[in-house]
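The values are calculated or read from the model by the stated rules, or taken from the named source; none is laboratory data. All of these numbers come straight from a predicted model, not from anything done at the bench. Quick reminder, even Gly has a Cβ in these numbers, built from the backbone with ideal geometry, and neighbours come from all protein chains shown.
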2 protein chains.
Amino acid sequence: MSWNKIIECVPNFSEGRDLKKIDKIVAPFRARAGVKLLDYSNDEDHNRLVVTLVGEPEALRDAVIEAIGVAVKLIDLNHHKGQHPRMGAVDVVPFIPIKNTTMEEAIALSKEVAEKVATLYNLPVFLYEKSASAPHRENLAVVRKGEFEGMAEKIKLPEWAPDFGPAERHPTAGTVAIGARMPLVAYNINLNTPSLEIAHDIAKKIRFIGGGLRYCKAMGVELTDRGITQVSINMTDYTKTALYRAFELVRIEARRYGVSIVGSEIIGLVPMEALIDTASYYLGLENFSMQQVLEARIME
Amino acid sequence: MSWNKIIECVPNFSEGRDLKKIDKIVAPFRARAGVKLLDYSNDEDHNRLVVTLVGEPEALRDAVIEAIGVAVKLIDLNHHKGQHPRMGAVDVVPFIPIKNTTMEEAIALSKEVAEKVATLYNLPVFLYEKSASAPHRENLAVVRKGEFEGMAEKIKLPEWAPDFGPAERHPTAGTVAIGARMPLVAYNINLNTPSLEIAHDIAKKIRFIGGGLRYCKAMGVELTDRGITQVSINMTDYTKTALYRAFELVRIEARRYGVSIVGSEIIGLVPMEALIDTASYYLGLENFSMQQVLEARIME
C-alpha cells in the first residue's frame with residue numbers, strides 16, 4: 001500500500017468500436033507495477049475510448065507513452081467517424097495530481113510525455129490547460145477547433161505551431177493535446193420543475209462566465225423521463241470551489257422561481273476530499289484534518 | 001497498493017512511561033510486510049499505550065501475537081499504577097473490519113489470536129464485544145471490573161472462566177480481552193451554552209440507554225476555557241447510526257433550551273465512509289456508490 005506519489009491520467013483515444021484494437025491500446029496499463037487501470041469505456045456513437053488510470057509518476061509516464069505508440073500505429077483518423085470532436089488518434093491526455101504531488105509536478109510530467117511521444121512517434125503535440133505555453137492554448141475546445149481535417153492547415157499558422165514535434169499534422173494520427181489539470185467532478189443538481197428555461201437560468205447564474213462561481217461550468221438539461229430538469233455542472237477545481245457551495249447557490253437561485261432541489265448526483269469518479277469537505281461544512285467540523293481519515297492514512 | 005482485505009487493530013498496553021519498553025512493544029509492527037503502524041500514543045497519567053495499526057489479516061495476526069508476547073514479558077502489573085482501569089499487561093485487543101472483510105472474519109481472527117496467545121504465553125483470555133461467548137461478556141467495562149487486583153479471585157468464578165488459557169490470573173500479565181467490534185468514531189458536538197446540565201440532558205436524550213439512537217453513547221462535558229459545553233459522543237456503529245443523524249438530533253433537542261450548535265469535532269481517526277455518507281445525505285445524492293470514490297478504487 002505504499003505508492004508515495006499518485007497521479008491520475010485520463011487519456012482519450014479515437015477508437016470506440018473495434019474491441020481488438022481497444023484491447024491492444026489498453027494492454028500497456030494492465031498488470032504493470034506502479035500503474036492501476038481503474039476504468040475504460042468505449043462509446044460507439046462517439047467512436048471514442050476514455051481510459052482512467054492512476055499510478056506513480058514514472059510508471060504512469062512509461063505506460064502512457066507506450067499506449068500512445070500503440071494508438072498511433074492502430075488508428076487512422078482519415079477513416080474515423082464519430083459524434084465526438086477529435087483531432088488525433090490520441091485526442092487528449094490530461095494528468096491530474098492526486099496524492100503527494102503538486103500541479104507543478106503534473107505539469108512537468110505532461111511535458112516529459114509530450115516531448116517523448118513527439119520524438120518517438122513524430123507526433124505534433126499541443127500543451128494545454130495548466131501546461132499551456134500561451135493563454136489561447138489553455139482551452140481544449142479552442143485547441144481542437146477544426147479537428148483532424150482542419151488541423152492540416154491550422155498547424156501551419158504561427159500561433160498554432162505545436163509545442164513539440166513537427167509543424168505538420170501526422171498523416172494518420174493527427175495531433176494530440178497533453179497537459180495537466182485539476183480533478184474534474186461532474187455534478188448534477190435536480191430541480192422540481194419541468195421548465196428547461198428555469199434550469200438554464202439558474203445554470204447561467206451560478207457559472208463562472210455568468211458572474212457565478214470561479215471553477216464552475218453549468219448548463220440546464222431536461223430529464224424528460226422524470227419530468228424534471230437539472231443543472232448539469234462541471235466542477236473544475238473542487239479545492240477552490242467546493243461542491244456544497246454550488247449546491248447551496250443553486251438552492252438560493254431556485255428560490256426566485258419557487259423551485260426547489262430534489263436531489264443531486266455525481267457522475268463517475270470523485271476524490272474523497274471533495275465529499276469529506278462537504279461533510280465538514282454541514283457538520284461545522286472544527287480542527288478537522290484529512291490526516292484523520294483512516295483511508296488517507298492507510299494510503300500514505 | 002493491493003492489500004485485498006484490511007483489518008484494523010487497536011491494542012492497549014499497560015505501559016505509558018518507559019519509552020524503551022514502549023519501543024520494544026511497538027517493534028513487531030514496524031517495517032513488516034502486510035502491516036502498517038498508523039499511530040501510537042502513550043499517556044503517562046493513564047500509564048497506557050494505545051497503538052493503531054492496519055494490515056492484511058494474516059500479517060496483522062502474526063504481528064499482534066508477537067507484540068503481545070513482548071508486552072507479557074516486559075510489563076509487571078504488580079507494579080503498575082495509572083488512572084486508567086486495566087486488568088492486564090495487554091489490556092484489550094479489538095479487531096475491526098475495514099475493507100473487504102466481514103465482522104465474521106474479524107471475529108474469527110480475534111479467536112485465532114486469543115487461542116494462540118493463551119497457549120504461547122499461558123495467558124487467560126476473555127473474548128469480548130462481537131466475539132463474546134456470552135452476553136454478560138460483551139461489555140469491556142464489565143469484563144474488566146475488579147481490574148488486575150480483583151481478577152485473582154474473579155477468574156475462579158464459573159461465570160468468569162476465561163475463554164482460552166488457564167483459569168488463573170497470569171502472575172505478572174494478568175488477563176486480556178480480545179474481540180471484534182465495528183469502527184468507533186469519537187464525535188463531539190459543541191453547544192452555545194455554559195450549562196453542563198443542558199448538555200447532559202441532551203446527551204441523555206440522544207443516547208441509546210436514554211431512548212435515543214441505537215449505536216450512540218453520549219455524555220455532557222464542560223469546555224471551561226471556551227465557556228461552552230459539549231455533547232461528547234461515541235458512535236459505536238456509524239454504518240447503522242449515521243453521524244449526521246446524531247448531529248441533527250442534537251440540534252432538535254437543543255431547540256427546547258434555546259440552545260444551538262456552534263460546531264462539532266471528530267477525535268482521532270474516522271473511516272471515510274462515515275463522512276462521505278454524511279455528505280451524501282446533505283447533498284441528497286441519488287444513486288451514489290462508494291465505488292465512485294477515487295481513493296476507494298485505488299485501494300481496491
Which ones in the range A:115-139 are at pLDDT 95 or above and either under 17 Å from the mean Cα position of the chain (by Cα) or within 25 Å of B:Glu295 (Cβ to Cβ) (or both)?
-> A:Phe126, A:Leu127, A:Tyr128, A:Glu129, A:Lys130, A:Ser131, A:Ala132, A:Arg137, A:Glu138
Residue among A:Ala27, A:Ala67 that alone is at pLDDT 95 or above and either within 25 Å of A:Val143 (Cα to Cα) or of a type in the set (Ser, Thr, Tyr) (or both) | A:Ala67
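Which strands (runs of 3 or more DSSP E) does the range B:194-285 wholly contain that include 3 or more residues that are under 29 Å from A:Glu248 (Cβ atoms) and in contact (Cβ under 8 Å) with a residue 60 or more places away in the chain?
On the way: elements: B:216-223, B:228-235, B:261-267.
In the range B:194-285, the matching strands (runs of 3 or more DSSP E) lie at B:261-267.
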Residue pairs meeting the criteria (Cβ under 6 Å; at least 6 apart or on separate chains; first assigned by TED's automatic domain parsing to the domain that holds B:Pro85 and within 19 Å of B:Tyr121 (Cα to Cα), in the range B:148-171; second charged (D, E, K, R) and assigned to a helix (DSSP H, G or I)) = B:Phe164/B:Glu115
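When the residues of the range B:267-300 are filtered to those that are charged (D, E, K, R) and modelled with pLDDT of 95 or more, which remaining residue is nearest to A:Ser264 (Cα to Cα)? Outline the logic, then answer.
At the first step, the residues of the range B:267-300 found to be charged (D, E, K, R) are B:273, B:277, B:286, B:295, B:297, B:300.
Still in the running and modelled with pLDDT of 95 or more: B:273, B:277, B:286.
Working: B:Glu273: 18, B:Asp277: 14, B:Glu286: 6 Å.
This residue is B:Glu286.
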Every residue from the range B:249-273 that is more than 7 Å from chain A (Cβ to nearest Cβ) and buried (at least 17 other Cβ atoms within 10 Å of the Cβ) = B:Leu249, B:Val250, B:Glu253, B:Ala254, B:Val259, B:Glu273
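So which residues in the range B:47-61 are away from every other protein chain (no Cβ under 14 Å), closer than 24 Å to B:His170 by Cα and either touching a residue at least 40 places away in the same chain (Cβ under 8 Å) or surrounded by fewer than 18 Cβ atoms within 10 Å (Cβ to Cβ) (or both), if there are any at all? Before you say what the answer is, go through the steps one by one.
Step one: list which residues in the range B:47-61 are away from every other protein chain (no Cβ under 14 Å), which gives B:47-50, B:57-58, B:61.
Narrowing the set further to residues that are closer than 24 Å to B:His170 by Cα leaves B:47-50, B:61.
B:Arg48, B:Val50, B:Arg61, listed by residue number.
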Is it the case that the range B:74-93 has a residue that's over 27 Å from B:Asp18 (Cβ atoms), assigned by TED's automatic domain parsing to the domain that holds B:Leu38 and without any contact (Cβ under 8 Å) to a residue 12 or more places away in the chain?
-> no
Does B:Lys20 meet the test of being surrounded by fewer than 16 Cβ atoms within 10 Å (Cβ to Cβ) and of a type in the set (Lys, Arg)?
-> yes
In the range A:37-61, the residues that are under 15 Å from A:Ala89 (Cβ atoms) and outside any strand (DSSP E or B) | A:His46, A:Asn47
Checking B:Gly165 against (1) within 23 Å of the chain's Cα centre (by Cα); (2) within 23 Å of B:Gly69 (Cα to Cα); (3) away from chain A (no Cβ under 14 Å), which single condition isn't satisfied?
-> (1)
Condition test on B:Ala218, is it of a type outside the set (Asp, Glu), buried (at least 17 other Cβ atoms within 10 Å of the Cβ) and more than 14 Å from chain A (Cβ to nearest Cβ)?
-> yes
Are any of the residues in the range B:19-36 assigned to a strand (DSSP E or B) and within 14 Å of chain A (Cβ to nearest Cβ)?
-> yes
Go through the range B:1-18 and count every residue that is assigned to a strand (DSSP E or B) and within 16 Å of B:Ile75 (Cα to Cα).
-> 2
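Answer yes if at least one residue in the range B:274-288 is among the charged types (D, E, K, R), under 19 Å from the mean Cα position of the chain (by Cα) and facing chain A (nearest Cβ under 7 Å), and no otherwise. Walk me through it before giving the result.
Looking only at the range B:274-288, we keep the residues that are among the charged types (D, E, K, R), and these are B:277, B:286.
With under 19 Å from the mean Cα position of the chain (by Cα) added as a condition, the list becomes none.
Looking through the range B:274-288, none of the residues is among the charged types (D, E, K, R), under 19 Å from the mean Cα position of the chain (by Cα) and facing chain A (nearest Cβ under 7 Å).
Enumerate the helices (runs of 4 or more DSSP H) found wholly within the range B:73-166, keeping only those where 3 or more residues are touching a helix residue (DSSP H, G or I) at 6+ places or on another chain (Cβ under 8 Å) and hydrophobic (A, V, I, L, M, F, W, C). Show your work before the answer.
Details: elements: B:103-121, B:140-144, B:147-154.
Correct list: B:103-121.
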Going by the conditions given, is A:Pro85 away from chain B (no Cβ under 14 Å), within 20 Å of A:Pro124 (Cβ to Cβ), modelled with pLDDT under 95 and under 18 Å from the mean Cα position of the chain (by Cα)?
-> yes
Out of A:Ile96, A:Ile75, sole residue that is of a type in the set (Val, Ile, Thr), surrounded by 16 or more Cβ atoms within 10 Å (Cβ to Cβ) and farther than 30 Å from B:Gly34 by Cβ = A:Ile75
For the range B:289-300, which residues satisfy the criterion of being closer than 22 Å to A:Val262 by Cα and either at the interface with chain A (Cβ under 7 Å from one of its Cβ atoms) or in contact (Cβ under 8 Å) with a residue 24 or more places away in the chain (or both)?
-> B:Gln292
In the set B:Asp76, B:Asp91, B:Asp45, B:Asp62, which member is out of contact with any Lys or Arg (no Cβ under 7 Å at 6 or more places or on another chain) and modelled with pLDDT under 95?
-> B:Asp45
